Structure formats: structure tokens, C-alpha cells
Amino acid sequence: MNIPSLNYKHLHYFWVVAKEGSVTRAAERLGVAVQTISGQVGLLEKALGKSLFAPQGRGLVLTEAGRQVLGYADQIFLLGEQMLEIMQDSNSGGVLRLAVGISDALPKLVAYRLLDVALRLPVTVRPVCYEGEFESLLADLALHKLDVVLTDRPVGPASNLRVFGHSLGEWDIMMYGSKALAERYRAGFPASLDGAPMLLPTRNNALRGRLDQWFEAKSIRPEIVGEFEDSALLMTFGRTGHGLFPAPAALTGEVAEQFNAESVGKMPGVQEHYYAISSERRIKHPAVEAILSATRDMVFVT
């Protein structure tokens, strides 16, 4: 069976039309005639034996085949953009670009600790950080938009994405609060937490389940005065004295300095797990490798 070779110029014209939603806008973006765009896309459709667009009003919509081709085109051209960025960085004094996805549930102080390992490499590392939801970041990683995702949860067994999770260890969890709250609830900890005002992660956060189990085991019923997906916002509310809040014990110094909060007590048996998730690549990114090979003593020192 003879498989026709792919003309990447035709594919690129298709990709731009799909992104712009019309041949006219694609032609304006590329600086070519509308007829040229239509002809190139037509040749691609002929080579594939599938219609890629269907008319809708004054614009175009992708057919099912078009959506499939767009998925591959995204990967091809995003990889091309990444290649150009890497080559440009290599021509600018050996700067190494590191595209990092940071899960919104991951404490920003933890993210800094992890990235600091990469920043200590003998080459200059330029981190480009994106924050988002776990599943969205994994999709970007699979498309090679990101080099690594830092998160508080592993990849689920049902995931069909070709990504790989690497455990970075565990941190014990401490309860913190403003000076007034810490002084009030430190005595008699942890029983003192019963009825205490508390700021917690939302229930889709991996740590929240462990906290709820710990409270139940200790017969503690805190007064939940706020729930947050973003850990930095949670700690910001904690800084203003709205309630007690959990954070890694290893970050006591940073929590005190940045959020003016004091430790109330450690929560035995409650730990936060952290992961670096990477995609399968033949060429290893040295900054990602540095993060993955970091030991607990290097990253989680108090």
C-alpha cells in the first residue's frame, strides 16, 4: 500500500485556517491570496481523502476528520515553535528554557523550592511558569507545550496520556495562624482545634481528604470559614487572621516571613505528597532531570 507523503506547507495552511476560523482571516495572517489558501487546503484534503472543513454561516467548522488532523497539527507546529525557542536560547549565551506547569493546588513556596534545584545548575535556566488545573496542565504536557508539571497528585491509572509521574517525597503538615490565633489555639493542641475557625483547601484537593480523615479520627470539628483552590490565596486570608490554615512544616520560616503566621502544632500522620510529571522524550531536559533526581534532603530541608 502506497502512503502519500505529507506536504507540511499544506498542513500549515490548514492549521492557520482552523485557528482563524475562516480562509479570509488565514490569508490576511499569512499574507497570501485567498485562492492560494483554498487551493493548498484542497490539496491536503485530496491527499488525505477526507473533507476537513464544512461551511457554517460565513465561516468554517471542522469536520470530525478535521478535528483529528488539527490535533496532530497542534503537536507538530507547537514542537516546531519549541525547537525555535530552544535554538534561540542556545544562541543567547547558553540560556536553558524550562516550561513548567504548576498545579493551582500546589503551594507556591513548594514550587519555588522545587524550581530552585533547577536554578542551581551550572547553566542559566530561564523558567517559564504556567499555573492551571491538573488535567489541563497534563494535556499541555502531552502536547509538549510544557517540559514538566509540578503537582500534589499522581497521574491516575485511567489516564490515556503518555505522561509519567515521579514522586518527589512527602512533607509533614503543620497548622499555622496569625499571632493572636496561634497563641489562642496552641495550648491544648490538637483538641483545641475543635470549633476553631479554619481555612482549608477545597474538597478536590488531595490534602483536604487527609485533613478530613485526621479531624474525624481526633473527633475534631473545626469551623470552616473558607475553602480555596489556590494555596497562595488561602495563606493570604490566613495572614489577615481569618482563620488557622495548614501548610508544610518544612516551610515554617517562609510562612512566618511572607504570611506573618506562627506554628500552632504539627499534625502527626498528615502529609502532603508532591510529584513531578514529565512526558516521554528521547532527549532529557537537564533542568527536569535535576528536579526529578532531587533528594528529600535537598528539597525538603526545614
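Here are the numbers:
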{"quantity": "Fraction of beta bridges assigned by DSSP in region 170-273 that are antiparallel (%, nearest 5)", "calculated": "65"}
{"quantity": "Mean Cα-pair separation over length for the chain, i.e. relative contact order, pairs under 8 Å, 6 or more apart, %", "calculated": "20"}
{"quantity": "Theoretical FRET efficiency, 1/(1+(r/R0)^6), r = Cβ-Cβ of H273 and V95, R0 30 Å, to 0.05", "calculated": "0.40"}
{"quantity": "Peptides ranked, highest mean first, by Cβ atoms within 10 Å: ranges 167-180, 29-42, 253-266", "calculated": "167-180, 253-266, 29-42"}
{"quantity": "Prolate/oblate/rounded label for region 1-81 (Cα gyration tensor, a/c 1.5)", "calculated": "rounded"}
{"quantity": "Mean separation of Cα contacts under 8 Å, 6 or more apart, over the residue count of region 1-76: relative contact order %", "calculated": "30"}
{"quantity": "Antiparallel content of DSSP bridges confined to the chain, in %, to 5", "calculated": "60"}
{"quantity": "Interchain or long-range residues, amide H under 5 Å from E131's placed H", "calculated": "I102"}
{"quantity": "Linear extension gain, L121 paired with L78, 0.36 nm per residue minus alpha-carbon span", "calculated": "12.8 nm"}
{"quantity": "Shape of the chain, Cα gyration tensor, a/c cut at 1.5", "calculated": "prolate"}
{"quantity": "Full-stretch length increase - Q258, K9 - with 0.36 nm per residue and alpha-carbon distance subtracted", "calculated": "84.5 nm"}
{"quantity": "Cα gyration tensor, region 170-273 - rounded (a/c under 1.5), prolate or oblate", "calculated": "rounded"}
{"quantity": "Under 24 Å, Cα to Cα: Lys pairs in the chain, sequence gap 8 or more or different chains", "calculated": "13"}
{"quantity": "Residue-averaged 222 nm ellipticity for the chain, from DSSP H runs of 4+ at -39500 (n - 2.57), nearest 500", "calculated": "-13000 deg cm²/dmol"}
{"quantity": "Spacing of the two label points (7 Å from each Cα toward its C-beta) at A65 and R25, in nm", "calculated": "2.4"}
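Laboratory data are not the source of any read-out in this text; all were calculated from the coordinates shown. Since the model is a prediction, treat every value here as computed from it, not as a measurement. No Cβ is skipped: glycine too gets one built from the backbone with ideal geometry, and neighbour counts run over all protein chains shown.
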